[in-house]
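Notes for the one structure printed next.
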Amino acid sequence: MEQRQRAYNFNAGPAALPLEVLERAQAEFVDFRNNGMSIMEMSHRGPVYEGVHNEAKDLLKELLGVPDGYDVLFLQGGASTQFAMIPMNLLTPGKIGAYVNTGSWAVKAIKEAELVGETQVIASTEADQFTRVPAVADIVVPEHAAYVHVTSNETIEGTQFQAFPNTGDVPLIADMSSDIFSRPLDVSQFGMIYAGAQKNLGPSGVTVVIAKEELLTNSPKTIPTMLRYSIHQKNNSLYNTPPSFSVYIVNLVLQWIKERGGLQAMQAANEAKAKLIYDAIDGSSGFYKGVAAVDSRSRMNVTFRLASEELEKLFAKEAEQAGFIGLKGHRSVGGLRASIYNAVPHENCAALSQFMNDFQQKNS
Ligand SMILES: *Cc1c(COP(=O)(O)O)cnc(C)c1O
């Protein structure tokens, strides 16, 4: 039978998964470890699923170096539900939610928090069209802050923090949906980290929350049960039916990361991949224009523009014909974007860089 080629997948999310993970899932799809059924068909209260669930949690802690005193939750509702759960659980009366506004996702987080309580934008790069992240020194923690919220990687604009502010006793909370597990991290700098899995960690359907236990145990009894961190923490994320298949795939992705050398190796690979594409931009004598300021560039989402929207359309069309998928920028900002998460192979980025050079030759 003819082997169908895998696309050069640059989708922003859901996004590329490691081929090895897909093949492993395929091999154990119908009969999981000789249990006579798929993992999807099993009770989430049984020992087989619970083994997978706890393995994923332990491996996540191990790879990220999660210190004692932190817990890991597997929730549903995407990162978008965290935008609301964070203030509902942590924004106590008399305090303010302090937000750093870096782009489209930060804006959404702020809007949700405003529905719940008092918020303050303590730093913003909106005046620069979100083409950069603020300097860490410009993020000043106000008095009475319940927490400081940052978006570590703005998936749509293509910017990324390279260092994080020291917020002292005030918990730093980070939306890491699009760069979790892409580089080593000092978890102890953060009160809470959260991420929808579908960019760097697995399929859609599960959201990972890593947090200091003290932030998880004091949820107000006045909010709905399913929206309380305390309920999920007390029940090891098995209060209700978890997204079992998604957690299982996350476990396989974590094993894949471990086999490849962990977060140091991910970082080295991601930097090399990003360099291929940024070099194509920087070496184009202005044919391609990077959207983000150089020191704020994301290693995960490379955003760039061409001289006209017409030329951008032509680029996207010819790229698609050549097998490059997902290069159109988000509909809210236009332009072009290559999302190059952990699972996107180096060869695919090399092929894109070559395509960019060829396209420039033909069209300049
Ligand atoms: C994709 C994304 C989200 C939204 O995630 P959902 O799981 O779709 O709710 C939030 N924040 C960032 C940074 C993202 O990239």
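Listed by chain and number, the aspartates and glutamates placed with their C-alpha closer than 13 angstrom to that of LYS108 are GLU154, ASP175; residues fewer than eight positions away on the same chain are left out.
Going through region 190-271, which trypsin sites (Lys or Arg not before Pro) have at most 16 other Cβ atoms within 10 Å and a DSSP loop state?
Here the sparse-neighbourhood loop sites are LYS221, ARG260.
What is the Cα centroid distance between region 138-209 and region 321-364, reported in whole angstrom? Result: 26 Å between the Cα centres.
When the pairs LYS275/LYS317; LYS95/LYS234; LYS199/LYS275 are compared against a 22 Å limit on Cα-Cα distance, LYS275/LYS317; LYS95/LYS234 fall above it.
Using helices alone, what [θ] at 222 nm do you get for the chain, with -39,500 (n - 2.57) per DSSP H run of 4 or more residues, divided over all residues and rounded to the nearest 500?
Details: 10 runs with 131 residues, N = 364.
So the calculated ellipticity at 222 nm is -11500 deg cm²/dmol.
The alpha carbon convex hull volume per residue for region 230-350 rounds to 175 Å³. Backbone N atoms of region 111-140 closer than 12 Å to the 7 Å Cα→Cβ label point of THR222 belong to residues 117.
Taking the dipole about the Cα centre of the chain, with the C-beta of Lys and Arg at +1 and of Asp and Glu at -1, give me whichever of PHE245, SER284, GLY168 is farthest to the positive side. Towards the positive end, the residue furthest out is PHE245.
Here region 143-167 is scanned for amide nitrogen atoms under 16 Å from the site 7 Å beyond the Cα of ASP282 along Cα-to-Cβ, giving 160. The distance separating the Cα centre of region 255-302 from that of region 4-41 comes to 26 Å.
For region 215-242, the residues whose backbone nitrogen is under 20 Å from a point 7 Å from the Cα of ARG45, taken along Cα to Cβ, are 226, 231-242.
Dipole size of region 23-259 about its Cα centre, with +1 on Lys/Arg Cβ and -1 on Asp/Glu Cβ: approximately 440 debye, rounded to the nearest 20. When the trypsin sites (Lys or Arg not before Pro) in region 265-364 are filtered for DSSP coil states and for at most 13 other beta-carbon atoms within 10 Å of their beta-carbon, the remaining sites are ARG331.
Please enumerate, by chain and number, the aspartates and glutamates with C-alpha under 20 Å from the C-alpha of LYS362, excluding those fewer than 8 residues away in the same chain. Counting by Cα, and skipping residues close in sequence, LYS362 has these aspartates and glutamates nearby: ASP279, ASP282, GLU309, GLU310, GLU312, GLU318, GLU320.
Structure remark: mean-square fluctuation, Gaussian network model of the chain, C-alpha springs under 10 Å; the largest value among ALA268, ALA56, ALA316 belongs to ALA268. How big is D, in µm² s⁻¹, for the chain by Stokes-Einstein at 25 °C and 0.890 mPa s if Rh is the Kirkwood radius over C-alpha pairs? For the chosen part, D equals 115 µm²/s.
Each Cα pair under 8 Å and six or more residues apart adds its sequence gap; the mean of these over the residue count of the chain is a relative contact order of 22 percent.
Since every read-out is calculated from the coordinates, none of them should be taken as a lab result. It should be emphasised that the depicted structure is a prediction, and the values quoted were computed from it without experimental measurement. Quick reminder, even Gly has a Cβ in these numbers, built from the backbone with ideal geometry, and neighbours come from all protein chains shown.
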